[in-house]
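Heads up, the thing below is written out as structure tokens.
The values are calculated or read from the model by the stated rules, or taken from the named source; none is laboratory data. The structure presented is a predicted model; accordingly, all values stated were derived computationally and were not measured. Because the Cβ atoms are built from the backbone with ideal geometry, glycine has one as well, and the counts that use them run over all protein chains shown. Side chains included, ligands, DNA and RNA excluded: accessible areas come from the protein's heavy atoms. Shrake-Rupley method; radii C 1.70, N 1.55, O 1.52, S 1.80 Å.
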There are 2 protein chains.
Amino acid sequence: MSVGIKISLNDKLYLRDPQQTSLGQNIIRHSILLIDEIGFEDFNFKKLSLQMGSTEASVYRYFENKHLLLIYLVSWYWEWVSYLIDINTMNIEDPVRKLEKTIETVVYASKDNPSIDYVNESVLHRLIISEGTKAYHTKLVDKENRDGFFLNYKRLSEKVADVIIEVNPEFPYPHALASNMFEMANNHIYFALHLPRLTDVAVKDGNYDEVQKMLKYFAFSLLKCDQKK
Amino acid sequence: MSVGIKISLNDKLYLRDPQQTSLGQNIIRHSILLIDEIGFEDFNFKKLSLQMGSTEASVYRYFENKHLLLIYLVSWYWEWVSYLIDINTMNIEDPVRKLEKTIETVVYASKDNPSIDYVNESVLHRLIISEGTKAYHTKLVDKENRDGFFLNYKRLSEKVADVIIEVNPEFPYPHALASNMFEMANNHIYFALHLPRLTDVAVKDGNYDEVQKMLKYFAFSLLKCDQKK
DNA sequence: TAATAATGATAGTATTACTATTATTTATTA
DNA sequence: TAATAAATAATAGTAATACTATCATTATTA
């Protein structure tokens, strides 16, 4: 982004760092757009290179396969959310306000100012919502987890778990509540758009207020404490 | 099953009803085992037919492709859970007890008596946990939803939402809580096994007691009412 | 300016995701 | 029980996918 943050990701995810070259940045840019457009199953490096005006071989020099590219994008996203949470809660002392602000950030991450020019955050958000869990639902989870492929998500969960503990030190499931909040945020946006009988919230024109309200209700109900506003 | 229930599924999911022939039943039996073994991505009809001692062409006469087979298995699973919930809560009047029993059933569905001989329920459960959400995370969701491919899951959610409303008619998110309970049950078993930093529960040797306890804690905390025991 | 590294162009291979055709077995029914 | 139909097996074939390899060209950097 203009301010110059660098999203730091596990370097085993790629063969050549895509953030460092313009071809690499193009791969990121166009893979986000193309996966969003045609879905992860139909996406491949041939189509991507065609759309980019590059070649299959070149893309393969950056990523071993599309699965690792997806993990890369997912990691990028959570690292980005994590960064936004840091900024947005920076000067907040009160843990309840901090948790509220965290929830707001998770739901509206993509609406936060434009940032890194080769990443369309709002398209990426949509992609994470529909394809995100495929990153870790694979036969290779254990190996990939050992290789640290999911660290960004786990660290973010732990960061939020820490806030949860601050709000209520007696709460027995801080990590589960944290990860569930992330999963729920994405799931219920998806449900609202595609399987509305599975939820009670509605979403229209990118307005996720009802999702946000529900997440706050769930969190503060469980933590047996009142919201500030 | 011996008692003679018939799991009724949308007939657009298949080309020929697999429950009606022994080849069809074999397809179900072996696809469950093989997907569990090698994962959905590496699974294909060639490998399946090889393992069954049949041919690719024969499998294609039952299912258009592996994606529809997955939806079939997922639907089968939720219909089966739904059936178990009906039996297990049949004579329970008290909604709180009913919800407790429902949660127990969801978490331990696979442990319920052996049933239909061509379905290994406990392997199927494991498969749903790791591959289940791929059934509806696809570019075709809307079309497939219109075709009624996800009815079993939606009806089950609504059934549980009804119990939730009985427990607390003021609760504003009964559908979301219901679907979230299903998602959470599977997610946290998966997390406990593969990404433990994302949860607080542990699972060993198929013992899901901690998951069950957590789900009850979440549900009854949200519904602001005490559990019975 | 020479050397090095990155990219493009092109080709090739094994596997996947099917469809088609014909032969054979099994089930049905006359 | 023979005739007929239906289901399955065997085999082959095609287009697309998921890569790998090679060599030419263009940038970069020493």
Inset, instruction - For residue A:95, indicate whether it is within 14 Å of DNA strand C (Cβ to nearest atom) and either more than 30 Å from residue A:168 (Cα to Cα) or more than 14 Å from chain B (Cβ to nearest Cβ) (or both). - result: no
Inset, instruction - State the number of residues belonging to region A:26-50 that are within 13 Å of DNA strand D (Cβ to nearest atom) and not charged (D, E, K, R). - result: 12
Inset, instruction - State whether the residues of region A:9-18 include one that is without any contact (Cβ under 8 Å) to a residue 40 or more places away in the chain, over 19 Å from residue A:147 (Cβ atoms) and more than 9 Å from DNA strand D (Cβ to nearest atom). - result: no
Inset, instruction - Specify the residue that is farthest from residue B:79 (Cα to Cα); the eligible residues are those in region B:133-142 that are open to solvent by 10 Å² or more (accessible area, probe 1.4 Å) and part of a helix (DSSP H, G or I). - result: B:142
Inset, instruction - Could you check, for region B:109-125, whether at least one of its residues is within 13 Å of another protein chain (Cβ to nearest Cβ) and within 11 Å of the chain's Cα centre (by Cα)? - result: no
Inset, instruction - For residue B:11, indicate whether it is under 25 Å from residue B:138 (Cβ atoms), of a type in the set (Asp, Glu) and not in a loop (DSSP other than H, G, I, E, B). - result: no
Legend entry - Members of region B:35-61 that are open to solvent by less than 10 Å² (accessible area, probe 1.4 Å) and more than 9 Å from DNA strand C (Cβ to nearest atom): B:35, B:39, B:48, B:49
Legend entry - Residues of region A:51-60 satisfying the condition of being assigned to a loop (DSSP other than H, G, I, E, B) and near DNA strand D (Cβ under 9 Å from one of its atoms): A:55
Legend entry - When residues of region B:62-92 are limited to those that are open to solvent by 10 Å² or more (accessible area, probe 1.4 Å), within 16 Å of DNA strand D (Cβ to nearest atom) and assigned to a helix (DSSP H, G or I), the one nearest to the other protein chains (Cβ to nearest Cβ): B:67
Inset, instruction - Count, please, the residues in region A:15-34 that happen to be within 15 Å of DNA strand C (Cβ to nearest atom) and open to solvent by 40 Å² or more (accessible area, probe 1.4 Å). - result: 9
Inset, instruction - Go through (1) more than 30 Å from residue A:135 (Cα to Cα); (2) touching a residue at least 60 places away in the same chain (Cβ under 8 Å) and name the single condition residue B:33 misses. - result: (1)
